[in-house]
Amino acid sequence: MRNFSRRFLKIFLITAVSGSALLLLFDLVFFPLPAEKLSRQSSYFIYDRDGRLLNCFASPDQFWRLPVELDSISPLLVKTVLNTEDRWFPYHPGVNPVSLLTAMVDNVESGSIARGGSTITMQIARMMEPKSRNIGGKLIEIFRALQLEMHYSKNELLEIYFNLIPYGGNIEGVGTAAYFYFGKRPYELSYSEAAILAGIPSSPNNYRPDLNPEKCRGRRDRILHQLHQQRIIDSKILTDALKEEIPTERKERPEYAPHFCQTLIADLSSEIRQGGIRSTIRMDIQALCERLTLSYANVLKDKDINNLSIVVIDNHSSELLAMVGSPDFYDKKHQGQINGSFAPRSPGSALKPFAYALGFEKGLITPASILDDIPVSYSGYSPENYDEKYNGIVTASDALIRSLNVPAVNLTADLGIQDFYEFLQTGGISTLDRKYYHYGLPLVLGACEVTLADLANLYAALGRKGIYRPLKMIMKNDIKKSYDLLSEEACYMISQILSELKRPNLKASWEFTRDLPTVAWKTGTSYGRRDAWAIGYNPHFTVAVWAGNFSGEGSPWLVGVESAAPLMFAVFNQIMQGHEHVWFEKPSGLGTRYVCAQSGLPPNDYCQDLVSDLYIMGITKNTRCDIHKAIIVDRETGYELCRACEHLGNPETVIMQDWPVRLSGWLSNHNITVKLPKHHPECTGILAHGPPQIISPEHGTHFEISENIPAEYQQILFEASSGLRNRKIYWFLDDRLFATCGINERVFYKPSKGNHTLMCVDDLGRSSTIEFIVR
């Protein structure tokens with residue numbers, strides 16, 4: 001007997017080892033497991049930040065699938081399915097021989113296939129590789145089940161099962177079944193709902209509640225009674241569950257934030273293959289923006305303005321809280337399905353604050369600095385202000401508040417167009433797809449295209465004290481790269497200036513509160529009045545609004561302050577309710593100093609009118625005022641006197657403003673400043689030397705442009721001779737400043753056809769003029 005036991009054990013071990021080796025050989029070599037078939041193309045379910053469903057989209061093969069983890073499935077549903085489908089699942093190796101034999105006997109007795117005796121693992125194998133329901137198919141199913149048990153744990157197999165199981169029609173997996181039948185997540189199911197979902201897969205179309213509610217009810221009731229008999233649920237739970245109604249319709253898919261959801265799917269599909277996407281959208285702010293946009297659109301449509309877009313950003317986290325692409329997604333007449341938040345459009349003046357911020361950052365200017373606002377030409381480009389007027393000189397603060405074009409272009413020229421262009425790219429403006437020199441200086445005036453989302457996020461960097469973060473649309477733990485775009489000091493100065501802008505008249509119907517929040521804001525209007533922009537920010541939020549027509553059609557009412565700003569403030573005032581009205585703290589690196597009111601520079605001994613100004617300590621230039629000067633004049637004639645001619649008159653010292661040559665003539669001609677007195681005509685000193693003389697070109701010269709010669713070889717030389725006292729020469733072409741150079745420098749001009757007037761001016765304001773013609 002002992003020898004028999006030993007032989008039996010030996011035979012058993014040899015058989016077990018040989019069988020395992022053979023199974024492993026088949027698994028690895030001959031019939032490897034097609035694991036890729038266990039994951040199928042997912043649908044996309046997009047939720048707001050709090051887990052409320054915004055929208056969903058079927059998979060590319062038009063099935064509804066929402067992969068879920070086992071931990072997010074109700075334990076009640078898991079227990080019900082195991083009790084219904086495979087009570088021995090935790091213990092068998094993928095195949096239950098007793099169940100197979102019992103099923104075989106039942107099938108023989110009935111003369112047909114009454115049941116298959118399949119375990120949950122075998123069902124997974126059948127869903128992975130559908131086969132004919134015959135002996136051959138069953139053998140393959142058994143082999144695949146054994147393979148699955150070798151490759152996956154029991155919990156992993158359960159998770160695969162719940163994500164593949166059919167629930168009727170084009171619904172697969174418990175994630176979508178729980179939503180479309182009950183409007184719930186799988187962990188929120190009741191006892192009745194768990195029994196329904198446990199019963200459907202055995203005959204999906206037969207037990208679908210929306211098609212056959214009574215059959216579904218019967219199947220549910222049998223499962224509930226079975227659970228009660230096995231003491232899994234008590235009598236009270238059974239009674240309550242049996243009373244629950246059977247859903248007779250599938251839930252409709254919601255369509256909140258349609259533009260945002262479609263953009264997310266189109267742009268981020270590679271990152272969200274798992275189907276369930278938790279976005280950064282706040283449902284309350286999104287609904288508010290949609291409501292206000294639709295209401296305001298009714299006001300604008302009478303002005304031939306049919307489209308509006310809004311973006312709201314949380315400045316602290318860079319999360320997108322709301323996005324409205326158009327007032328009505330289903331407005332086919334006005335292309336409502338276009339997402340205006342991501343449509344490239346001309347920003348008008350909305351980029352100007354960043355030129356000023358860079359000027360502050362580099363120490364070139366301060367808010368009180370004086371900027372030129374006179375006619376100027378940059379190689380043929382002559383910017384003009386919106387009202388086609390010039391102011392002569394303006395402070396940087398006033399130029400930004402009034403959104404003047406000429407000072408902004410001059411400042412950008414001082415910064416360098418390439419530096420400004422690269423700054424915008426670093427700040428996330430993704431639509432600058434050409435080289436910087438293709439845009440040129442008009443870039444600062446909006447001679448490019450930007451998206452509302454990019455522009456809003458660039459302004460949000462001002463709201464977070466100069467730190468740039470990419471716009472975040474999905475709630476993830478990963479932190480995208482952030483970096484310093486601007487200094488906190490430069491941002492504070494810009495915010496102070498932009499918060500001083502007078503607000504547009506806001507209609508009482510918008511239900512604004514009296515206690516309006518402090519907001520730094522800027523508007524923009526594109527050329528031809530095709531786009532109107534308004535962007536506002538504070539420490540909490542950034543709100544950006546675009547108004548226009550997707551068709552590109554302009555409207556005389558398309559002005560940023562009139563068409564976009566009211567809606568921006570409407571949103572801001574609503575979302576700030578419940579938030580403390582805080583403002584930016586003055587940075588420690590920012591100082592306050594008194595400067596000359598006329599020059600914007602620290603005062604010299606002759607400056608009398610002083611104003612307070614902010615400056616960045618250690619960065620801002622400390623050059624003293626060179627405008628106010630003490631000049632000796634003759635009391636009687638008013639002529640200027642010098643040491644060489646002081647004896648010719650009755651001298652007295654007066655304080656006068658001596659503006660640079662590029663400005664002095666224009667300012668005095670427009671009665672903004674008083675001309676400096678002429679020098680005494682009888683003086684024989686150095687100041688008596690004459691004005692600069694133009695050597696090239698000669699007066700009256702005619703130039704012919706040849707089409708066969710490259711333009712760079714046809715440039716015209718500007719050259720002049722000047723007294724030794726002069727340090728710079730100023731060239732004015734057709735009454736616009738063309739170039740500034742040293743007395744021995746040459747200047748070249750790429751000619752344009754026409755009659756031209758060329759004037760050369762020295763440091764003392766003396767000039768000579770010639771004319772030439774280009775044909």
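The values are calculated or read from the model by the stated rules, or taken from the named source; none is laboratory data. A quick note: this is a predicted structure, and the numbers were derived from the prediction, not measured. Here the Cβ positions follow ideal geometry from the backbone for every residue, glycine too, while neighbour counts run over all protein chains shown. Protein only, heavy atoms only, side chains kept; ligands, DNA and RNA dropped before computing areas. Shrake-Rupley method; radii C 1.70, N 1.55, O 1.52, S 1.80 Å.
Below, the figures for the structure above:
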| item | result |
| --- | --- |
| Share of pairwise Cα separations in the range 634-775, more than 21 Å, in percent | 52 percent |
| Members of 37/131; 154/476; 37/184 lying beyond 23 Å, as alpha-carbon distances in this model show | 154/476; 37/184 |
| Stretch gain in nm, segment residue 557-residue 202, where the contour uses 0.36 nm per residue and the Cα spacing is subtracted | 121.4 nm |
| Rounded FRET efficiency, nearest 0.05, which uses the C-beta distance separating residue 284 from residue 669 and R0 of 56 Å | 0.40 |
| Scattering profile of the range 659-719 at q = 0.23, 0.24, 0.28 Å⁻¹ [log10 I(q)/I(0), Debye over alpha-carbon scatterers] | -1.02, -1.04, -1.12 |
| With Cα atoms, 0 to 90° folded angle of helix 283-300 axis to the chain main axis | 50 degrees |
| Sparsely packed GluC sites (Glu not before Pro) within the range 518-620, loop by DSSP, other Cβ within 10 Å at most 12 | 580, 585 |
| Kirkwood Rh, Cα atoms: Rg over Rh of the chain | 1.20 |
| Cα-based equivalent ellipsoid, the range 144-284: semi-axes from gyration tensor eigenvalues, Å | 30, 22, 15 |
| Cross-link partners of residue 303 among lysines (Cα-Cα below 17 Å; sequence separation of 8 or more within a chain) | 333, 507 |
| Solvent-accessible heavy-atom area per residue, rounded to whole Å², over the range 601-742 at 1.4 Å | 63 Å² |
| Highest to lowest packing among 385-397, 303-315, scored as the average C-beta count within 10 Å | 303-315, 385-397 |
| Lysines with Cα under 26 Å of residue 435, excluding same-chain neighbours fewer than 8 positions away | 352, 362, 481, 750 |
| Estimated D of the range 194-346 in µm² per second, where Rh is the Kirkwood radius over Cα pairs and Stokes-Einstein applies at 37 °C, 0.692 mPa s | 168 µm²/s |
| Label-to-label distance, nm, for residues given as residue 713 and residue 72 (7 Å Cα→Cβ offset) | 7.0 nm |
| Dimensionless Rg over Rh [the range 396-452; C-alpha; Kirkwood] | 0.97 |
| The chain: relative contact order in percent, alpha carbon pairs under 8 Å with at least 6 residues between | 9 percent |
| On Cα atoms only, tilt of 154-164 relative to the major axis of the chain in degrees | 70 degrees |
| Carbon and sulfur %, accessible surface of the chain computed with the full protein complex present, 1.4 Å | 51 percent |
| Net charge of Cβ neighbours under 13 Å - reference residue 246; Lys, Arg +1; Asp, Glu -1 | 0 |
| Residue-normalised accessible area of the range 354-493, given per residue in Å² at a 1.4 Å probe | 39 Å² |
| Calculated [θ] (222 nm, deg cm²/dmol) that DSSP helices of n ≥ 4 give over the chain, each run adding -39,500 (n - 2.57) | -9500 deg cm²/dmol |
